[in-house]
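First the structure, in the form of structure tokens, and then the observations on it.
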4 protein chains.
Amino acid sequence: MIENSQENQNLISANRILARENVVDAFGHVSIRNSENSERYIMSRSRSPELVEFSDLLEFSLEGVALDAKGQAMYGERMIHGAIYEARPEVNAVVHNHSLAVLPFCLTKTALKPAIHVAAVIGQEIPIWDIRDHFGDTDMLVRTMEQGRKMTAAMGSNNCLLMRGHGAVVAGRNVKEAVMTAVYLQVNATVQTEAMKMGDPVYLSAGEIELLTEVQFSDLAMDRAWEYFCVRAGVESM
Amino acid sequence: MIENSQENQNLISANRILARENVVDAFGHVSIRNSENSERYIMSRSRSPELVEFSDLLEFSLEGVALDAKGQAMYGERMIHGAIYEARPEVNAVVHNHSLAVLPFCLTKTALKPAIHVAAVIGQEIPIWDIRDHFGDTDMLVRTMEQGRKMTAAMGSNNCLLMRGHGAVVAGRNVKEAVMTAVYLQVNATVQTEAMKMGDPVYLSAGEIELLTEVQFSDLAMDRAWEYFCVRAGVESM
Amino acid sequence: MIENSQENQNLISANRILARENVVDAFGHVSIRNSENSERYIMSRSRSPELVEFSDLLEFSLEGVALDAKGQAMYGERMIHGAIYEARPEVNAVVHNHSLAVLPFCLTKTALKPAIHVAAVIGQEIPIWDIRDHFGDTDMLVRTMEQGRKMTAAMGSNNCLLMRGHGAVVAGRNVKEAVMTAVYLQVNATVQTEAMKMGDPVYLSAGEIELLTEVQFSDLAMDRAWEYFCVRAGVESM
Amino acid sequence: MIENSQENQNLISANRILARENVVDAFGHVSIRNSENSERYIMSRSRSPELVEFSDLLEFSLEGVALDAKGQAMYGERMIHGAIYEARPEVNAVVHNHSLAVLPFCLTKTALKPAIHVAAVIGQEIPIWDIRDHFGDTDMLVRTMEQGRKMTAAMGSNNCLLMRGHGAVVAGRNVKEAVMTAVYLQVNATVQTEAMKMGDPVYLSAGEIELLTEVQFSDLAMDRAWEYFCVRAGVESM
């Protein structure tokens, strides 16, 4: 049974926020690791994030087996989440999305890099991973743990990964950090796209990224942003 | 008389969804083949899709003659629909639109091609048809069965066709598939437009398109998307 | 006194529609010629179009003198309207706006030309006029009849004029035509802007423009569009 | 104690307007100088502008010390405001924002310059300041008076300043002027960005800028714009 905890309520909020900010549309999903059992994660049944409610939450083993599927359909790409939780103990929340602003960077060799200070949290390196390199022609979905593990290996210890022709994966220490990172990945992509047309953008330095990441993940910045995101998404801020 | 069936209710939903997702504006239309009589199709009287109600539905012969026009004005371009139903028995729904994201591809030689996995359903080839090539200077509307048949011939067995300086035609096996294809045609156009400015985009392979089309038209993906589209459009999901 | 006629109600609707469709923002205005007295025109007091109500309407001589200003401030640029009504008896409605999509064409030599069929009504030629050429450094506003007449001369018999660094002027035979032309001027600008980045767009031919203008100004198209615009703007459609 | 004056109510309105017009998002802030004590300024506690209420207002010394912090968190970058008030007696309102349209100009050498008449108020010169030039790798936030003073020196007597990789600072003689300047800085950036892709834009001349600034800051223009902004933001217009 899924507990009615603040963590799980925040997961509902995360779904709604990502929809409100246009990071996800009909597709995309967000999960959290179960804080009581690090070998489990919690995620909605197969439903668009904008519509997810508490009763939609399911619990999964890291291999993607639902403890009780309640007869519901499950996201086909839940292995993205389990593979990351398996490999990275510091990660407790994962977002997968097809943001329209990010997608152009998934089709070309152009590197998406932090250029604006609020987006430092996306990290200095954002690798691109192409499922075709390992598995040839597929339906491009990360459907097996083998695929998820290859993807996770390409992601390394970075906060973000781009998937060729597909979208982004974002990992965070908690769900608020993962949401903020996913939102500002999109914002940075929007700004960088236009700046590149004007000339060679100046990107953040390694030192700036490090110092700013701490600032953007501080309570001062996070509380302000989370309240704002919640109000806009029509959910209670906690 | 138009039956109050789920199919016809879905046609109303399709109208509202296409408006909500900005695929159509004041103009554009969507039809379904009558499942009881394959020589008939159902479509609104001349009205903007955002406003279409059940009482606006009319039934047409494939040649575009209304069985009972109820004294209402009819879409001038209904021959687009009839000509496709006539030639393609597998098609049971047609959308015609002037999506702002798609239109730039209707003005130049730049090919619109599936680049992102959710848009595989638009198909590997999207021909462009220019009414001027066959009929010289016209008002560019597909007003006669002769024009509709020329257009249908250019479309071949593809899911989508672009019309020079005009818009897009989308065909589906059912109205949900046609709506999803029309929405992601627009999404793909948006993403491809920006990606092309960054370099040469990697497009989906023929194998990926085939495998993904099956996935995107599966119940798992379609149910999720249809519920999402309906909620956003303020119509009941069925 | 301003009559509570359908024409004047349509002028209110026109204000709200142009705001809803983002053709105008805080600034911009729309007027109609008084159908009872061709030497008079009707326009709001100085107020943003989104907020205009019946009680805001004032009547002006063609020289821009209010018959009864009711102690209200007036638009500084009303001479745009009077000068056009003075020179062009076929014009009964004028829109002035600063549409963000149109403005880039007001800063460069790039010609804005009808490329999509719904926008044929903008006309084959859209001149650019620069107040600086005649009057040197000014506040760029058309404040005097002398300025308005120079502008009108540059406009010739065209439906649209662009003003360098400033915006657009649209003339119509009635307020519905003027609104539709202003909306699709913006739509065409949006599409043409992106198409030009892909290559050389194919524009509508002179014959297409002529045939399509008739179609787009027909009752069939106009009634559909006007109902749609009114519903979106939250005003009654008449 | 913060007085319930019209000035302070306008500061609340300014917060909401800047959010409604997408000039600020979760981050960004606006302040006014206390008209009763020029050595004090008033600004919200650390909260997103969209959510700011009267009870959130705090009063600060020019050095950024809260007279009574009410136990609340404060904006980390309040030194931006104090440093400007300290150096420029004519300035009574300051906006700091990360507008997405403006940010590309903060990443490249491309000058943002007034090109459209409503944006003349942004001023003839908009310097870019890079905190890295003076302070090396930092978290990029203006946290100390020393940093604020360096920034203010770079701004000179201009209305706007761009901060590399960060955003914009706007100063006004009163809060309405500061809001209008911040909004049209964003509008000008949007238009200039597209115009530059078409060719070399014609910018406003020095004479036009001077004459237009007076016009745009006149009661006629300001009253119209302020009413419009307030209605859209859902606040009372005063």
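The values are calculated or read from the model by the stated rules, or taken from the named source; none is laboratory data. A quick note: this is a predicted structure, and the numbers were derived from the prediction, not measured. Virtual Cβ from ideal backbone geometry, glycine too; neighbours counted across all protein chains shown. Keep in mind that these areas ignore ligands, DNA and RNA; they rest on the heavy atoms of the full protein, side chains included. Shrake-Rupley method; radii C 1.70, N 1.55, O 1.52, S 1.80 Å.
Mean 1/r over all different Cα pairs, inverted: what Kirkwood radius does region C:35-90 give, in Å?
Result for region C:35-90, one decimal place: 11.6 Å.
Please say if region A:1-117 is rounded, prolate or oblate, where rounded means a/c under 1.5 for a ≥ b ≥ c the square roots of the C-alpha gyration tensor eigenvalues, and otherwise the choice is prolate for a/b larger than b/c and oblate otherwise?
Prolate shape, in that a/c is at least 1.5 and a/b is the bigger ratio.
What are the ³J(HN,Hα) values, in whole Hz, obtained from phi via the Karplus relation 6.51 cos²θ - 1.76 cosθ + 1.60 with θ = phi - 60°, for each residue of region D:8-25 in sequence order, with x given for Gly and Pro?
Once θ is set to phi - 60°, the couplings for region D:8-25 become 6, 5, 5, 5, 4, 4, 4, 4, 5, 5, 4, 6, 4, 8, 6, 7, 10, 10 Hz.
Taking H placed 1.01 Å from N in the peptide plane, check which residues at least 5 places from A:SER44 or on another chain put their amide H under 5 Å from its amide H.
Correct list: A:VAL30, A:LEU58.
Can you list the residues in region A:91-116 whose accessible area drops by at least 20 Å² when all protein chains are present, compared with the chain alone? Use a 1.4 Å probe, heavy atoms only.
Residues of region A:91-116 that lose at least 20 Å² of accessible area once the other chains are added: A:HIS98, A:LEU100, A:LEU103, A:PRO104, A:LEU107, A:THR108, A:THR110, A:ALA115, A:ILE116.
Between region D:154-178 and region A:1-56, what is the separation of their alpha carbon centroids in Å?
When both Cα centres are located, 40 Å separates them.
I want to check the label-to-label distance for A:MET1 and C:GLU146. Put each point 7 Å from Cα in the C-beta direction and report it in nm to one decimal.
Between A:MET1 and C:GLU146, the label points sit 8.6 nm apart.
With the cut-off at 23 Å, tell me which of the pairs A:LYS113/A:LYS197; B:LYS176/C:LYS176; A:LYS109/B:LYS197; A:LYS70/A:LYS150; B:LYS176/C:LYS197 have Cα atoms farther apart than that.
Going by Cα-Cα distance, B:LYS176/C:LYS176; A:LYS70/A:LYS150; B:LYS176/C:LYS197 fall outside the 23 Å limit.
Using a ≥ b ≥ c from the Cα gyration tensor of region B:89-202 (square roots of the eigenvalues), is it rounded, prolate or oblate, where a/c under 1.5 gives rounded and otherwise the larger of a/b and b/c decides, a/b for prolate?
Since a/c reaches 1.5 but b/c is at least a/b, the shape of region B:89-202 is classed as oblate.
Which whole-Hz couplings ³J(HN,Hα) result when phi for each residue of region C:72-81 is put into the Karplus expression 6.51 cos²θ - 1.76 cosθ + 1.60, θ = phi - 60°, listed in order with x for Gly and Pro?
Each residue of region C:72-81 in turn: 9, 6, 10, 4, x, 9, 5, 5, 3, 6 Hz.
Please average, across the residues of C:26-34, the number of beta carbons from any other chain that are within 10 Å of each residue's own beta carbon, and give a whole number.
The per-residue average across the peptide is 2.
Would you compute, from DSSP H runs of 4+ residues alone, the mean residue ellipticity of chain B at 222 nm, taking -39500 (n - 2.57) per run and dividing by the full residue count, rounded to the nearest 500?
Result for chain B, helices only: -12000 deg cm²/dmol.
Quick one: pull the percent of accessible area on region A:3-105 belonging to carbon and sulfur, 1.4 Å probe, ligands and nucleic acids left out.
42
So, by mean Cβ neighbours within 10 angstrom, what's the order for B:232-238, D:150-156, C:167-173 with the highest one leading?
C:167-173, D:150-156, B:232-238
Any idea of the accessible area per residue across the protein assembly as shown, 1.4 Å probe, to the nearest Å²?
Accessible area per residue, the protein assembly as shown: 35 Å².
Quick one: Cα convex hull volume of region A:155-195, Å³ per residue?
Given the Cα convex hull of region A:155-195, per-residue volume reads 74 Å³.
Just how many % of Cα pairs in chain C lie over 30 Å apart, if you round to the nearest whole percent?
Counting every Cα pair in chain C, those more than 30 Å apart make up 20 percent.
For B:GLY71, which inter-copy label distances result when the label point lies 7 Å beyond Cα on the Cα-to-Cβ vector, reported in nm to one decimal and in ascending order?
5.1, 5.1, 7.1
Beta carbons within 10 angstrom, averaged per residue: use that to sort the peptides B:220-227, D:138-145, D:74-81, C:184-191, highest first.
Going by the mean number of other Cβ atoms within 10 Å, highest first, we get C:184-191, D:74-81, D:138-145, B:220-227.
What is the ratio of the Cα radius of gyration of region A:1-66 to 2.2 N^0.38 Å, with N the residue count, to two decimals?
Here the Cα radius of gyration is 1.05 times the empirical estimate.
Let a ≥ b ≥ c be the square roots of the eigenvalues of the Cα gyration tensor of region C:74-138; is it rounded (a/c under 1.5), or, if not, prolate (a/b larger than b/c) or oblate?
Since a/c reaches 1.5 but b/c is at least a/b, the shape of region C:74-138 is classed as oblate.
At a Förster radius of 30 Å, what calculated FRET efficiency corresponds to the Cβ-Cβ distance of A:ASP200 and A:ASP223, to the nearest 0.05?
Efficiency, rounded to the nearest 0.05: 0.25.
If eta is 0.890 mPa s and T is 25 °C, what Stokes-Einstein diffusion coefficient results for the protein assembly as shown, Kirkwood Rh from Cα pairs, in µm²/s?
Approximately 83 µm²/s, per Stokes-Einstein.
Inside 10 Å of the C-beta atoms of C:185-198, what's the mean count of C-beta atoms belonging to other chains?
6
Could you tell me the relative contact order of region D:156-238? Use alpha-carbon pairs under 8 Å, at least six residues apart, and round to a whole percent.
Once divided by the residue count of region D:156-238, the mean separation gives 17 percent.
Taking the alpha-carbon centroid of each part, what is the distance from region C:67-118 to region D:88-117 in angstrom?
29
Can you give the Kirkwood hydrodynamic radius for region B:99-166, in Å, rounded to one decimal and based on Cα pairs?
12.8
Quick one: among A:SER48, A:SER61, A:SER218, which has the greatest mean-square fluctuation in a GNM of chain A with alpha-carbon springs under 10 angstrom?
Taking springs between Cα atoms under 10 Å, the residue moving most is A:SER218.
Let me check the size of region D:59-99 from its C-alpha atoms; what are the radius of gyration and Dmax in Å?
Cα radius of gyration and Dmax of region D:59-99 are 11.1, 32 Å respectively.
Could you derive backbone 3J(HN,Hα) for region C:165-170 from the dihedral phi with the Karplus parameters 6.51, -1.76 and 1.60 (θ = phi - 60°), listing whole Hz in sequence and x where the residue is Gly or Pro?
x, 9, x, 10, 10, 10
Relative contact order for chain A using alpha-carbon pairs under 8 Å, separation at least 6, rounded to a whole percent?
Relative contact order here is 23 percent.
Total Å² of accessible surface buried at the A-D contact, 1.4 Å probe, nearest 100?
Answer for the A-D pair: about 2900 Å² buried.
Out of residues 5 or more away from D:TRP129 or on other chains, whose amide H comes under 5 Å of its own, with H placed 1.01 Å from N in the peptide plane?
Answer set, sorted by chain and number: D:LEU162, D:MET163, D:ARG164.
Quote the Stokes-Einstein diffusion coefficient, in whole µm² s⁻¹, for region C:153-238, based on the Kirkwood radius over alpha carbon pairs, a temperature of 10 °C and a viscosity of 1.306 mPa s.
Rounded to a whole number, D works out at 108 µm²/s.
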